[in-house]
Amino acid sequence: MNEIKPCVLIVDKAPEMRRLLHRLLVAEGLLAIDASDMAAARYQAGSKYPNAMILDTDLPDGRGIDLIADIRSRSDIPILILTERDHEEERLAAFEVGADDYVLKPFSSRELLARLKAQLRRQAACIRVGSNLLKFDNLEIDLALRVVSRSGHPLHLTPLEYHLLTLLARHPGRVFLHQELLRLIWGGMHDQDTHYLRVHMRNLRKKIELDPSNPRYLLTETHIGYRFVP
């Protein structure tokens, strides 16, 4: 039986960059489709159902940030930003609307492919049985029973720790900003209280990680937030 190859949507206004990325992806055994602007990207995303997207946010017919928000409203595919602009505010804005990773031009082909493949693996690693069970190697989250187990042994999480873990685990690979997590879990009154988040993340790591000082699942994105890695 032939293996189904993941399909990646390339969105970049420069034809030479689209051709370069297309060659790189095909050489790695992936399928590639492309778009030069937001309108074409929306059409491709809605008709070809790609498994991931590589996006340069500098588009001729609108803001790439708006395209991310639009795609994210109807799809959980990994979105990797590829851009020449190295501005922290732009990175934060991209992550806030749902981007998963950020690579600067000029880029290393090996690094870009490694990051893309990691996102595709993370997406595939989250095995959903029905809609109530999440499995990641030795970690299992039963959403119906609200039970978290590691290697078959139930863990005793507080309600807040459970909420934090399930929020991250439902979106493997996605970066959640500190302020975003604080708003979603504690409410808008606490969106600057990052020390709350650090304390609860430390406690949660002690319970689910084999080595909390070198976490397997709950990773820190320095000065930005956290992500769950399957």
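Among the residues of the range 14-36, the ones that are surrounded by 16 or more Cβ atoms within 10 Å (Cβ to Cβ) and either part of a loop (DSSP other than H, G, I, E, B) or out of contact with any strand residue (DSSP E or B) (no Cβ under 7 Å at 6 or more places or on another chain) (or both) come to 4 in all. With respect to the conditions (1) over 14 Å from residue 103 (Cβ atoms); (2) surrounded by 13 or more Cβ atoms within 10 Å (Cβ to Cβ); (3) touching a residue at least 40 places away in the same chain (Cβ under 8 Å), residue 66 falls short on a single one, namely (3). Take the residues in the range 14-72 that are within 24 Å of residue 109 (Cα to Cα) and of a type in the set (Ser, Thr, Tyr); name whichever of them is modelled with the highest pLDDT. That would be 36.
Checking the stated criteria, residue 205 turns out not to satisfy the condition of being part of a strand (DSSP E or B) and either of a type outside the set (Ser, Thr, Tyr) or buried (at least 16 other Cβ atoms within 10 Å of the Cβ) (or both). Taking each residue of the range 142-171 that is part of a strand (DSSP E or B) and looking for partners that are charged (D, E, K, R) with beta-carbon atoms closer than 6 Å, six or more apart or interchain, yields 149/140; 155/207.
Could you list, ordered by first residue, the pairs with Cβ atoms under 9 Å in which the first is in the range 203-219 and closer than 15 Å to residue 157 by Cα and the second is assigned to a loop (DSSP other than H, G, I, E, B) and small (Gly, Ala, Ser), at least 6 apart or interchain? From residues that are closer than 15 Å to residue 157 by Cα, the pairs are 205/213.
Kindly indicate which of 197, 218, 160 is among the hydrophobic types (A, V, I, L, M, F, W, C), touching a helix residue (DSSP H, G or I) at 6+ places or on another chain (Cβ under 9 Å), closer than 26 Å to residue 97 by Cβ and surrounded by fewer than 16 Cβ atoms within 10 Å (Cβ to Cβ).
Details: 197 fails: surrounded by fewer than 16 Cβ atoms within 10 Å (Cβ to Cβ); 218 fails: surrounded by fewer than 16 Cβ atoms within 10 Å (Cβ to Cβ).
When all the criteria are applied, what remains is 160.
Could we say that residue 5 is more than 16 Å from the chain's Cα centre (by Cα), basic (Lys, Arg) and within 20 Å of residue 121 (Cβ to Cβ) here? Yes, satisfied. Is it fair to say residue 69 is closer than 20 Å to residue 29 by Cβ, in a helix (DSSP H, G or I) and not acidic (Asp, Glu)? So residue 69 fails the test.
The values are calculated or read from the model by the stated rules, or taken from the named source; none is laboratory data. What you see is a predicted model; the values in this text were computed from it and never measured. Neighbour counts are summed over all protein chains in view; Cβ atoms, including those assigned to glycine, are modelled from backbone coordinates with ideal geometry.
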